[in-house]
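Okay, so here's the structure we're looking at.
The values are calculated or read from the model by the stated rules, or taken from the named source; none is laboratory data. Fair warning: this is a prediction, and the values are worked out from it, not measured in the lab. Quick reminder, even Gly has a Cβ in these numbers, built from the backbone with ideal geometry, and neighbours come from all protein chains shown.
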Amino acid sequence: MKYLIDEINPDECLNSRLRMATRKLNQLYNAHTKELGISFGQQSILLFVGKHGMVRQSQIGKSLQLERSTVTRELNGLIRKGFIAKDQDGVSPQVGVTETGKTFLNALIPKWIQAQKRTKELLGRDGEKAVYMLNKRLLDI
């Protein structure tokens, strides 16, 4: 009997390769920011809300390509830390960064910039362009 597993090479799985690269990037960013006690998912949301002001919770998920349950979980952690406040009105509440959150962002952003710089050094200009190209192509599906 012939088995299909003999006809493929799992090491060539594009999804697996991309997920491995993503985990490495997460480790790199976390190495720069771990002392702040905030996950990369929370960082992404806090930076997004900090940059865009009051936003609907649903807009966070749409813009960052996150499931609703992930947005809720990460926001709840940010609310508990006092970095985000939620307006309870409506089906999709709005959230915004608190003064405590703005102060925290002032501590986070220099470390985030260091992580960005290190990532760009590792990837080089071609690698950086490839990340943007890949992101655009996949998000346009």
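Points worth noting:
- Scanning the stretch 36-50 for residues that are assigned to a helix (DSSP H, G or I), among the aliphatic types (A, V, I, L, M), touching a residue at least 60 places away in the same chain (Cβ under 8 Å) and closer than 17 Å to Ala85 by Cα gives Leu46, Leu47.
- Single unsatisfied condition, Ser39 versus (1) more than 30 Å from Ile141 (Cα to Cα); (2) modelled with pLDDT under 95: (1)
- Within the stretch 15-35, residues that are closer than 22 Å to Met133 by Cα reach partners that are among the hydroxyl-bearing types (Ser, Thr, Tyr) with beta carbons closer than 9 Å, at six or more positions or on different chains, in the pairs Leu25/Thr119; Leu28/Thr119; Tyr29/Thr119.
- Within the stretch 71-93, the residues that satisfy the criterion of being more than 10 Å from Gln57 (Cα to Cα) and at pLDDT 95 or above are Arg73, Glu74, Asn76, Gly77, Leu78, Ile79, Arg80, Lys81, Gly82, Phe83, Ile84, Ala85.
- Filtering the stretch 83-127 to residues that are among the charged types (D, E, K, R), under 19 Å from the mean Cα position of the chain (by Cα) and surrounded by fewer than 15 Cβ atoms within 10 Å (Cβ to Cβ) leaves Lys102, Lys117, Arg118, Lys120.
- Residue within the stretch 9-32 that is in contact with a helix residue (DSSP H, G or I) (Cβ under 7 Å, 6 or more places away or on another chain), hydroxyl-bearing (Ser, Thr, Tyr) and in a loop (DSSP other than H, G, I, E, B) present: no
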